[in-house]
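None of the figures in this text is laboratory data; all of them are computed from the coordinates on show. These numbers come from a predicted model, not from an experiment. Backbone-built Cβ (ideal geometry, glycine too); neighbour counts: all protein chains shown.
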Amino acid sequence: MSSISGETLSAGARVAGRGKGSPGRGVPPGKGPSARHRRPFGEMVLHAPQTLRALVRAEEAWLVALAAVVGAVTGVVVSIMNGIAQFAHEILFQLPPGQRLSGAVEISPLSAIAVPCLGGLVLGAFGLAVARYWPRRAVDPIEANALYGGVMSLVDSVIVAIQTVISNGVGASVGLEAGYTQMGSALASKVGRSFRMRRNELRLFVGCGAAAAIASAFNAPLTGSFYAFELIIGTYSLVQLAPVVMSAIAATSVVNALQGNESGLSLLVPSRVETVDYIPLLILGMICALFGIAIMRGVTVTEEIFRKIRVPAWVRPGIGGLVVGILGLVSPAAMSSGHAALAVSIDAPYPLRHIALLILLKATASAISIGSGFRGGLFFASLFLGSLVGKLFAGGLAMVTTAHAIPSVVCAMVAMSGLAVAIVGGPLTMTFLCLEMTGSLPMAAAVLATAVVSSLTVRRTFGYSFATWRFHLRGEGIRSAVDIGWMRNLTAGRMMRRDVRTVRMDTPLTAFRRDFPLGAVQRAVALDNADRYAGIIFTAEAHAETEGAERVADLLHYQDALLLPQMTIKQAIEMFENAESDALAVVDGPDTKRVIGLLTEQFALRRYSEELDRRRRELSGE
């Protein structure tokens, strides 16, 4: 997702800076000239009564209870979004009640072509209106927890959810999971801020919302919980376990009550997986990793093609919808997220040519849908494609060896999880999804081994999941949801000393020695005639007998090495290492070079160490 769950929410402008939220929390600013007038509404928080706030902040049991409430509300939201998308499919594609689009045998050619195309134009027009009247980029849960301490805008998330439902409802090959997690996490963030939660608690609560969303989407509480731990929170601890699990269970219970108990896939899986089968299954995991990388690259290439054809951005979804509709005429399995198609194909005796055709159709439809501007993601598409890759692998393996054939369903389940791990991430998440779908521990063990190989292959050859790959393309250095926002808030401007001793660079050394005696100060900052930074002079060196040196300018160091106030502590430490200096001047800008402070490497490293220790204590519950 862009998102999240390996899902993309679309690339936009970079977000930086801090807002007027609670102390210590970064808030992504608005965009456009009138953003300052809209931000109070978009970030408005109605605070809970003080007594409730005190109970939640002081007692873990109340925090768990509040997480369960958030999970229940998220379950309702997921049911509503799913119901709207299914209703749109039934009306727009003339399906019988309960029939899912991707599982249809055939659909009307007119509907297949017209609905995605016109729906794409509607989505584009809606996006144009949003850009005109609400020019902000939505922050997804991974980005919110990594950079902004869990702060998310509910209004932005509602817009994303609407765009996701429209995209899925008109047949684009995207999943609703991106919208589910966006809404669940934003609701949790809103509730957490109303209770004035601390930064680490708010990040945990965003994870609770995401866990509830995925758990209710798949009727799988363990899957949702570990999705939150691996992808949204970024870490696991016993302190986090109870709120996340209770939120997931509450969401699943609500969805089951509203929609009925939809159990996992009805599959006949073997009672055990032979040890000798692990070798080809691990090879299958590597194949899934490479295929997942190809899909992620394919989405990027598709976006680049749409940019090069110079079509207005709001028209691109219409063109993409037209292509997806044509692919849907070949097989409806290429459309929508693929829930019904997975249920049908994973156990169906399709010939290898048909399976290869389905892989080509679904992969192309997914890349074109996202690349053209439809909103959604690749969570369920990766599961469907993975099952097809596994069946194709099993068929090919049976053709080259007759000694021992691995059951097709085993390869399908293993590859389903392997490809999802490559694109979405989360080996344990996909392992528990297999376990909750099949109820088979031997199957889950095989999936875990393959998921680890797939994850390792992607990290070594590519380095990103789909969500973090989208961040990389946008210029953000985010590899996971681990909190690095504090590092961006700890800037050179906040750490520097302002009492800086300065001297003119044309000052004679005799005058400098008189004004700066040994022991008074270690160094001074030299300025030119326009009061701009010129370099640093060391007092001890100035008092030493230096041949040929008459003025301060003759002994200056680090003329080109300086810090800007907005530089993060990481960037500052890199500057110290590159310059091989223990102190650098901080200037107001690269052009004006007005000295505003001085920062030492020793102090920067100490503050960095203190913040790291603080985060460690937060994660361990100390």
Would you mind counting up the charge near residue 573? Only other residues with Cβ under 11 Å from its Cβ, with Lys and Arg at +1 and Asp and Glu at -1.
-1
Going out from 0 in 10 Å bins, what whole percent of all Cα-Cα distances in the stretch 301-440 drops into each bin?
12, 38, 31, 15, 4, 0
Run the helix sum for the chain: -39,500 (n - 2.57) per DSSP H stretch of 4+ residues, divided by residue count, reported at 222 nm to the nearest 500 deg cm²/dmol.
-19500 deg cm²/dmol
What are the radius of gyration and Dmax of the stretch 490-616, computed over its Cα atoms and given in Å?
15.3, 53
Most to least packed among 133-144, 199-210, 233-244 [average Cβ atoms within 10 Å]:
199-210, 133-144, 233-244
Indicate, rounded to the nearest 5 percent, the antiparallel portion of the DSSP beta bridges found entirely in the stretch 503-573.
80
Where both residues lie in the chain, what percent of DSSP beta bridges are antiparallel, nearest 5?
80
Taking the alpha carbon gyration tensor of the stretch 18-259, what are the square roots of 5 times its eigenvalues, largest first, to the nearest whole Å?
32, 23, 13
Looking at the stretch 406-539, what % of its DSSP beta bridges pair antiparallel, to the nearest 5?
60
Normalising by the residue count of the chain, find the relative contact order in percent from Cα pairs under 8 Å and 6+ residues apart.
17
Just to be sure I understand, if you calculate Cα extents along the principal axes in Å for this structure, which of (i) 87, 55, 47; (ii) 85, 64, 40; (iii) 93, 60, 52 do you get?
(iii)
For the chain: lysine pairs under 21 Å (alpha-carbon distance), excluding those fewer than 8 apart on one chain
4
Sorted peptide list for 112-125, 267-280, criterion being average Cβ within 10 angstrom, highest first
112-125, 267-280
Please give the helix 199-218 orientation as an angle from the longest Cα principal axis of the chain, in degrees from 0 to 90, rounded to the nearest 10.
10
By the C-alpha gyration tensor axes a ≥ b ≥ c (rounded if a/c is under 1.5, else prolate when a/b exceeds b/c, else oblate), the shape of the stretch 206-323 is oblate
